[in-house]
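This report refers to the structure that appears directly beneath it.
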Amino acid sequence: MAVISKRLLLSDLVSSDKIDQVPSNYIPPVSQRPNLQHVVHESIPLIDLHNLHGPDRSQVIHQIGLACREYGFFQVKNHRVPESTISNMMEVAREFFKLPEQERLKCYSDDPTKTTRLSTSFNIRTEKVANWRDYLRLHCYPLQDYIHEWPTNPTSFRDHVAEYCMSARGLALQLIEAISESLGLDKDYINRQLGKHAQHMALNYYPPCPQPDLTYGLPGHTDVNLITILLQDEVPGLQVLKNGKWIAIDPVPNTFIINIGDQIQVMSKDKYKSVLHRAVVNCDKERISIPTFYCPSPNAAIGPAPELVTDDDPAVYRQFTYGEYYEKFWNRGLSKENCLDMFIAT
Ligand code: OGA
Ligand code: NI
């Protein structure tokens, strides 16, 4: 019998043991497998943000509203995040995952409450089936509260990641204003509901996989936060559920993929949907994706915008704090797909 050495990180298992079969703990039951032959290739709306800052703003707001309603996902170009900031971010992520195992393991933790940590899968303390992914998770706003925890190897890590985080935050704030406006709310409405705000990011590393139809990088889930700004390399892997079908989203250089998270779904009173998406893996290429999760602060009270609640159209969810929601998310696991049903109004 082949002996598989104990490794904390998947990337080290894959590279050192030259495994040619997916270990059984990475394989979900047959009914939950990716079924890659049924996936269709389609695009999601691509929105040019250039006109967000000119006389045609209302047209862009309209496009964003439509995309949030129909897809929960869209791509943006002319987003004002400089190309060099993006390429430095991607490069430093690639270098980080190439560091020797011992060096990377200095950041390792399986405790989801830690604000800087390298881990694998999703939550190995609670999940039954593992995912084909390693990830470095960082809290990044306010920057000065967290940057001292971040890796110092590669030496340019903190500088490049900090620059990227600040730029991504600028984009998140513009999008949050636009989303507020598109709901017919004051443009500062959502911004004001978020308390002091928070921002996290993940550097996801998906190693090549010998049997991509048996496992996931990440299984179907919705994002728990407000909105996500996804940067990815040129290797496809993201799929989004639309009308009951998984659609594969091919990467477009210098664009970001934006998706609505659970908190916007709640604030918009289900007008905008936090849509199921997943990451699949492939046989021959590693893939890196870098989501920025823009979030309320843990003590922010989340509920539907009062303007959207009427007697005929009452609140769907009870009030909760983001901290309460976030804790349930990590403990419950991705396989249950969505936490919102735990917060239905009674
Ligand atoms: C996530 C996510 C998708 C991807 O990290 O929440 O959905 O393509 N990632 O890596
Ligand atoms: Ni996600």
Euclidean distance of C-alpha centroids, the stretch 25-62 and the stretch 89-137, integer Å
26 Å
Dipole of the stretch 12-343, positive end: most advanced residue of Cys68, His50, Ser119 [Cβ charges, Cα centre]:
Ser119
Roughly speaking, what is the centre-to-centre gap between the stretch 283-343 and the stretch 159-231 when only Cα atoms are used, to the nearest Å?
12 Å
Charged-residue dipole, Cβ positions (Lys, Arg, Asp, Glu), the stretch 12-343 about Cα centre, Debye nearest 20
340 debye
Using only Cα atoms and rounding to the nearest 10 degrees, what angle (0 to 90) does helix 157-182 make with the longest principal axis of the chain?
30 degrees
Rounded to 10°, Cα long-axis angle of helix 57-70 versus longest principal axis of the chain
60 degrees
Label point distance in nm, Val39-Gln319, each placed 7 Å from Cα along Cα→Cβ:
4.3 nm
Applying a 4.7 angstrom Cβ cut-off across the chain, unpaired cysteine residues come out as Cys68, Cys107, Cys209, Cys283, Cys295, Cys339
Binned Cα-Cα distances of the chain, short to long, each 10 Å bin given as a whole percent:
5, 25, 35, 25, 8, 1, 0
I need the calculated FRET efficiency for the pair Gln59 and Ala301, taking r as the beta carbon distance and R₀ as 41 Å, to the nearest 0.05.
0.80
Dipole moment magnitude, nearest 20 debye, the stretch 213-309 about Cα centre, only Lys, Arg, Asp, Glu C-beta charged
300 debye
Among Lys269, Lys18, Lys328, the residue with the largest mean-square fluctuation in a Gaussian network model of the chain built from Cα contacts under 10 Å is Lys18
Give me the 1.4 Å probe accessible area per residue for the chain, excluding ligands and nucleic acids, in Å².
45 Å²
CD proxy, 222 nm, the chain: helix-only mean residue ellipticity via -39,500 (n - 2.57) per DSSP H run with n ≥ 4, per residue, nearest 500, stands at -8000 deg cm²/dmol
For the Cα atoms of the chain, what angle does the longest principal axis make with the long axis of helix 83-98, in degrees from 0 to 90, nearest 10?
30 degrees
Under a 10 Å cutoff between Cα atoms, tell me which one of Pro253, Pro291, Pro29 has the largest fluctuation in the Gaussian network model of the chain.
Pro29
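How much net charge surrounds Glu181 when only the other residues with a Cβ under 9 Å from the Cβ of Glu181 are counted, with Lys and Arg +1 and Asp and Glu -1?
After counting each charged neighbour, the total is 0.
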In the chain, what percent of the accessible surface is made up of carbon and sulfur (1.4 Å probe, ligands and nucleic acids excluded)?
50 percent
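The values are calculated or read from the model by the stated rules, or taken from the named source; none is laboratory data. Everything quoted here is computed from the prediction, not taken from an experiment. Methodologically, a virtual Cβ is constructed for each residue, glycine included, from the backbone with ideal geometry; neighbour enumeration extends over all protein chains shown. Quick note on the areas: whole protein, heavy atoms, side chains included, nothing else; ligands and nucleic acids left out. Shrake-Rupley method; radii C 1.70, N 1.55, O 1.52, S 1.80 Å.
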